[in-house]
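Chemist: Got a structure here, written out as structure tokens. Questions coming.
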């Protein structure tokens, strides 16, 4: 139990739950402005991207949030949803304009800056051409070139751990599981959703978005758009007198930029909920230590990687389409939306809406070493790169803690789990587990409470893998019985 608690504390620190991790001032007006922005953005995305009802948004998205946001949230207005303009407005202070979020096709919702009027919506980025529409997702083949088999033996064995994931008790008191998907060799073995959620419902990935960003960056490396050791990484760091010019793409993917990013680097609330441009918040801080020498989990490191892609392409429309044309469309993940700030930078450290099936496809791409349908999407060995411990690691001596690769967490120290297992983790219980040696992807989505128990993903993963092993045994027994029956029939 102590081991699980300590491991959970490490992940809690990384995913961010406390007010002390925020950047910027703490005036009462700003607290309410941020809370209003949170409500406007999540109501907008929940309504127009996820197609949730207002009551579902209240329970799933706006309940159990960061503790320091709960009181300010009670002091802002109800969300005013305009179905015609696809905007959401939330008032926070008498005499001040409401906080505004606006939805656009392919971009999801963007939050306007504090003080912006409705006229500012007209200046939000839009695609120059059509974007692929969401499609019905019903196939049991999640990977490419899948050899479909009878999965009944596995489904029966998986019923126990998957059901227990939804009981709000076995893997964490009060946890709220919304979806579980288990895939082996590219084929769906088990799938279950909570009420109001289905295979078509995207949820915010939170920090699993960092693993998607690593995938998009990998595609850019494969296409010779970026290089892992590119330096200076960003134009703003390019002055010969600026020591930040030594920061590389490799550094930021390994959470080792050395930049000042607050106490923990995991609460970039001004960008997420304040409507500040990424370029005004994410890249402006000085170095604290030499790049590459210290692990510090920081949203801004991921945002720097995606900004490097925008600058390298030097074509905003190409940049906005890149995650879709170079990754998502190729793997059939057509129910995923990356959101941007109002200036067009992807907030891809957290602000991505993705279905559980699409998340499983992302994991499957890594099991296939970056290939899909005969096409190489990621560089050969990219999966090995992202799952190899970086030179700087999280500070923990606990044997069951999580290490870090390049935008993926490492689960190489847990009993009952193969040492090659790695994962994307996100706030409120988002998990994408990749087990190469067993050809398995496990996705668990949730709306866990920020101050509640963490879902015990290590125990759940162990139980799922044990159930699959029992399914292998059952299937082998059935095959042997069938062979024996056939032999006896031939003798007769």
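Chemist: Which values, in whole Å and largest first, are the semi-axes of the equivalent ellipsoid of the chain obtained as the square root of 5 times each eigenvalue of the Cα gyration tensor?
Modeler: Calculated on Cα positions only, the semi-axes equal 37, 26, 23 Å.
Chemist: Quick one: length gained pulling residue 140 to residue 311 fully straight, 0.36 nm per residue minus the C-alpha distance?
Modeler: Full-extension gain reported as 57.7 nm.
Chemist: Can you tell me the length gained on complete extension of the stretch residue 82 to residue 437, counting 0.36 nm per residue apart and subtracting the Cα distance?
Modeler: 122.9 nm
Chemist: Only counting other Cβ atoms within 10 Å, I'd like 449, 470 sorted with the fewest neighbours first.
Modeler: Going from least to most buried by this count: 470, 449.
Chemist: Calculate the FRET efficiency for residue 325 and residue 380 from the Cβ-Cβ distance with a Förster distance of 25 Å, rounded to the nearest 0.05.
Modeler: The computed FRET efficiency comes out at 0.75.
Chemist: Something else about it: Going by a ≥ b ≥ c, the root eigenvalues of the Cα gyration tensor, does the stretch 278-435 fall in the rounded group (a/c under 1.5), the prolate group (a/b larger than b/c) or the oblate group?
Modeler: In terms of gyration-tensor shape, oblate.
Chemist: Is the stretch 206-272 best put as rounded, prolate or oblate by its Cα gyration tensor, with a ≥ b ≥ c the root eigenvalues, rounded for a/c under 1.5, and otherwise prolate when a/b is larger than b/c, oblate when not?
Modeler: Verdict is oblate for the stretch 206-272.
Chemist: Just rank 306, 329, fewest to most, by other beta-carbon atoms within 10 angstrom.
Modeler: 329, 306
Chemist: Would you mind calculating the relative contact order of the stretch 22-123 from Cα pairs under 8 angstrom and at least 6 residues apart, reporting the percent as a whole number?
Modeler: Dividing the mean separation by the residue count of the stretch 22-123 yields 29 percent.
Chemist: Separate question: Between residue 415 and residue 477, with labels modelled 7 Å along Cα→Cβ, what's the label distance in nm to one decimal, could you check?
Modeler: Once both label points are built, they end up 2.6 nm from each other.
Chemist: Between residue 280 and residue 55, what length in nm is gained on full extension when 0.36 nm per residue of separation is reduced by their alpha carbon distance?
Modeler: 77.5 nm
Chemist: Could you grab the relative contact order for the stretch 143-252? Cα pairs under 8 Å, six or more apart, rounded to a whole percent.
Modeler: 15
Chemist: At residue 289 and residue 148, where each label point lies 7 Å from the Cα along Cα→Cβ, what is the point-to-point distance in nanometres?
Modeler: In this crude label model, residue 289 to residue 148 measures out at 5.2 nm.
Chemist: Which order do the peptides 430-436, 379-385 come out in when sorted by mean C-beta neighbours inside 10 angstrom, highest first?
Modeler: Result, highest mean Cβ count within 10 Å first: 430-436, 379-385.
Chemist: I need the calculated FRET efficiency for the pair residue 388 and residue 27, taking r as the beta carbon distance and R₀ as 51 Å, to the nearest 0.05.
Modeler: Once the sixth-power term is evaluated, E becomes 0.70.
Chemist: For the stretch 77-183, how big is Rg over Rh, using alpha carbon atoms and the Kirkwood form of Rh?
Modeler: 1.17
Chemist: What relative contact order, as a whole-number percentage, does the chain give when Cα pairs under 8 Å and 6 or more residues apart are counted?
Modeler: Relative contact order comes out at 20 percent.
Chemist: Nearest 10 degrees is fine. How inclined is helix 457-491 to the longest principal axis of the chain, computing both from alpha carbons?
Modeler: Tilt relative to the chain: about 30 degrees.
Chemist: Calculate how steeply helix 208-222 sits against the longest principal axis of the alpha-carbon atoms of the chain, using the helix alpha-carbon long axis, and give the answer as 0 to 90 degrees to the nearest 10.
Modeler: Taking Cα atoms only, the helix is inclined about 90 degrees.
Chemist: Please arrange 158, 378, 148 by counting, for each residue, the other beta carbons lying within 10 Å of its beta carbon, fewest first.
Modeler: 148, 158, 378
Chemist: Here's a follow-up. R0 = 41 Å: FRET efficiency of residue 156 with residue 119, Cβ-based, nearest 0.05?
Modeler: Taking R0 as 41 Å, the efficiency between residue 156 and residue 119 is 0.10.
Chemist: If you don't mind, another one. By how many degrees, 0 to 90 and rounded to 10, does the Cα axis of helix 28-48 deviate from the longest principal axis of the chain?
Modeler: 50
Chemist: What number results when the radius of gyration of the stretch 22-123, computed over Cα atoms, is divided by 2.2 N^0.38 Å?
Modeler: Dividing the Cα radius of gyration by 2.2 N^0.38 Å gives 1.01.
Read-outs throughout are calculated quantities, based only on the coordinates presented, and are distinct from any laboratory measurement. Bear in mind that the values here come from a model prediction, so they are computed numbers and not experimental data. When we count neighbours, we look across all protein chains shown, and the Cβ atoms used for this are built from the backbone with ideal geometry, even at glycine.
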